[in-house]
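Computed from the coordinates by the stated procedures, all read-outs in this text should not be read as laboratory data. All values derive from a computational prediction rather than experimental measurement. Neighbour counts run over all protein chains shown; Cβ positions are idealised from the backbone, glycine included.
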Amino acid sequence: MPQSSQIVDSALGAVGNTPLVRLDRIAKQQGLQCNLLGKVEYTSAGGSVKDRIAKRMVEAAEKEGKLIPGYSVVIEPTSGNTGIGLAMACAIKGYSVIITMPNKMSLEKEAALRALGAEVVRTPTEAAWDSPESHIGVAQRLQHEIPGGIILDQYRNVNNPLAHEYTTGPEIVEAVVATPSTDDHLSSGKVDALIAGAGTGGTITGISRAIKKTHNKDCIVVGVDPKGSILAYPDTLNEDGMGGQYVVEGIGYDFIPDVLSRDPADVNEWLKTSDEEAFEAVRLLMRHEGLLVGGSSGSALSGALRWLHTTEKGRAIAQTKGANVVVLLPDGIRNYMSKPWFLKMALEAEPSPLARRIADVLKTS
Ligand code: PMP
């Protein structure tokens, strides 16, 4: 149901229900016959796909009697977006929040977290996940010492993939099924392929299960993992650039989270992407589709385009009129406005012919 059709009880009522948007201009420019569709998650109340799991994990813990208003302290290691969702939920519900977050994550996320009332602890980006200094290690140390401390643990909590199996996935299916096939936009009536990045892996695992169990078991689900991370399957894909650092936030890890399914029946194929291709794809989404997305959306789109252009199954789908290819766009540029990669893209581009014309006019008049 559209969010605006009735009063919602709190910002949590404005989580999810995000639009599935045609990326027609990019599709045309890329010579694709299929429909290229973006699931735009930055319209969710907290600004990302992770609001959904934050809401579900908090509500599930409340049902289990694990959270006590005025006493509980929700502690979570996160790359920021799960933290923002949790801080939003906890601001409304009256729980304290501590977020542990690697140094590389943006200042914008920290500012949003602090504005929502969370405490933020930064940790060394290069710390191995199982060291006491990592964002996970620090969260565990704090939980042991702080009365009321509880880690909902997005890396292991079944409510992470379930949030996507019950909301994100069904929303994608419903939008595709509800949109009629027309002369302008033929439609197979199915989700034929889904491309998404993985951090915890909850998003891709949950959406895949929703689509394959209830809608189209033959949908091809493609995972995108940054070079330097080890989430892609088979492991040989991860050898190039293993352990290297990358700038894109929210995807990739140095361990396999429990909630990520690497079963090829759930995630059929994997691709590795670089920062450069991700940021170029962000530029495409902004300039041609008017979508103010974040870096990992660029990773997902660049992975989708590579899959559609270079793989056997991808090429077949790319050339099929009416095939529906969905790309998950996890958050918005609000989270990255001060990052050098974005400022360079926005402010240091070659002057356009119009910019040169403006300069001429102002010089002479
Ligand atoms: N992109 C961004 C910006 C994120 O914050 C996250 C969550 N870490 C993801 C992608 C990946 O989502 P998931 O954890 O569900 O794999």
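Would you kindly state how much longer the chain becomes between Arg114 and Glu280 on full extension, computed as 0.36 nm times their sequence separation minus their alpha carbon distance, in nm to one decimal? Walk me through the intermediate numbers first.
Values: separation 166, 0.36 × 166 = 59.76 nm, distance 3.07 nm.
Computed gain between Arg114 and Glu280 is 56.7 nm.
For segment 40-187, divide the Cα radius of gyration by the Kirkwood radius and give the resulting Rg/Rh value with two decimals. Kindly include the intermediate steps, with their values, before the conclusion.
On the way: Rg = 17.3 Å, Rh = 16.3 Å.
Here the Rg-to-Rh quotient is 1.06.
What percent does the relative contact order of segment 131-249 come to when contacts are Cα pairs within less than 8 Å and at least six residues apart? Spell out each step's value before the answer.
Details: 135 pairs, mean separation 23.9, N = 119.
Answer for segment 131-249 is 20 percent.
Can you pull the one-decimal nm distance between simple spin-label points at Ile256 and Asp218, each 7 Å off the Cα toward Cβ?
2.9 nm
What is the list of residues in segment 44-62 whose amide nitrogen lies under 12 Å from a point 7 angstrom out from the Cα of Asp9, following Cα to Cβ?
59
Is the shape of segment 188-311 best called rounded, prolate or oblate, per the rule: a/c under 1.5 gives rounded, else a/b larger than b/c gives prolate, else oblate, with a ≥ b ≥ c the square roots of the Cα gyration tensor eigenvalues? List each step's numbers first, then the result.
Numbers: a/c = 1.73, a/b = 1.09, b/c = 1.58.
Because a/c hits 1.5 or more and a/b fails to exceed b/c, segment 188-311 counts as oblate.
With a 10 Å radius around each residue's Cβ, average the other Cβ atoms per peptide and rank 82-94, 33-45, 102-114, highest first.
Details: 82-94: 24.5, 33-45: 22.4, 102-114: 18.3.
Per-residue mean Cβ counts within 10 Å order the peptides as 82-94, 33-45, 102-114.
For every other residue with a beta carbon closer than 15 angstrom to the beta carbon of Asp184, add +1 if it is Lys or Arg and -1 if Asp or Glu, then tell me the sum. Before the final figure, lay out each step's value.
Details: positive: Arg22, Arg25, Lys28, Lys321; negative: Asp24, Asp183.
Summing Lys and Arg as +1 and Asp and Glu as -1 gives +2.
For segment 69-122 and segment 224-275, write down the distance between their C-alpha centroids in whole Å.
The two parts, judged by their Cα centres, are 26 Å apart.
What percent does the relative contact order of segment 1-80 come to when contacts are Cα pairs within less than 8 Å and at least six residues apart? The partial results should precede the final answer.
Details: 64 pairs, mean separation 19.0, N = 80.
Over segment 1-80, the number comes to 24 percent.
Please give the FRET efficiency for Ile358 paired with Leu292, using the beta carbon to beta carbon distance and R0 = 25 Å, rounded to the nearest 0.05.
Numbers: r = 24 Å, r/R0 = 0.94.
E(calc), rounded to 0.05, equals 0.60.
Report the GluC sites (Glu not before Pro) located in segment 169-259 that are in a DSSP loop and have at most 16 other Cβ atoms inside 10 Å of their Cβ, or state none.
On the way: sites: Glu171, Glu174, Glu239, Glu249; in loops: Glu239, Glu249.
Taking segment 169-259 and a limit of 16 other Cβ atoms within 10 Å, the loop GluC sites (Glu not before Pro) found are Glu239.
So, with +1 on the Cβ of K and R and -1 on the Cβ of D and E, and no other charges, what is the size of the charge dipole of the chain about its Cα centre, to the nearest 20 debye? Don't skip to the end; give the middle numbers.
Numbers: 37 positive and 43 negative charges, 160 e Å.
Magnitude of the dipole: close to 760 debye.
Given Gly169, Ala127, Pro257, which one lies farthest toward the positive end of the charge dipole of the chain, if we put +1 on the Cβ of every Lys and Arg and -1 on the Cβ of every Asp and Glu?
It is Gly169, whose Cα lies furthest towards the positive end.
Enter the Cα centre distance for the pair segment 23-42 and segment 304-365, rounded to the nearest angstrom.
Centre-to-centre (Cα) distance: 12 Å.
Once you put a point 7 Å from the Cα of Arg122 and another 7 Å from the Cα of His185, both along the Cβ direction, what distance in nm separates them?
Modelled inter-label distance: 4.3 nm.
Could you give the nm distance between label points at Ala346 and Asn17, where each point is 7 Å from its Cα heading toward the beta carbon?
Each label point is offset 7 Å from its Cα along the Cβ direction, giving 2.9 nm.
Indicate the gyration tensor shape class of segment 286-342 (rounded, prolate or oblate), computed on the Cα atoms with a ≥ b ≥ c the square roots of the eigenvalues: a/c under 1.5 is rounded; otherwise a/b larger than b/c is prolate and the rest oblate. Intermediate values should be presented prior to the final figure.
Working: a/c = 3.12, a/b = 2.33, b/c = 1.34.
Note, shape of segment 286-342 comes out prolate.
Taking 8 Å as the Cα distance limit and 6 or more residues as the minimum spacing, I'd like the relative contact order of segment 39-100 as a percentage. Numbers along the way, then the final one.
Numbers: 76 pairs, mean separation 23.6, N = 62.
With pairs under 8 Å counted, the relative contact order is 38 percent.
Could you tell me the extents of segment 1-81's C-alpha atoms along the three principal axes, largest first, rounded to whole Å?
Rounded to whole Å, the extents work out to 56, 33, 18 Å.
What percentages make up the Cα-Cα pair-distance distribution of segment 251-365 when the bins are 5 Å wide from 0?
In whole percents, the pair-distance histogram is 2, 9, 15, 18, 16, 14, 10, 7, 3, 3, 2, 1, 1, 0.
Measuring from the lowest to the highest alpha carbon on each principal axis, how far does the chain reach, largest first, in angstroms?
Dimensions of the chain along the principal axes of its Cα atoms: 60, 59, 50 Å.
Which far-off residues, 5 or more places away or on another chain, put their amide H under 5 Å from the one on Val120, with H placed in the peptide plane?
For Val120, the qualifying residues are Ile99.
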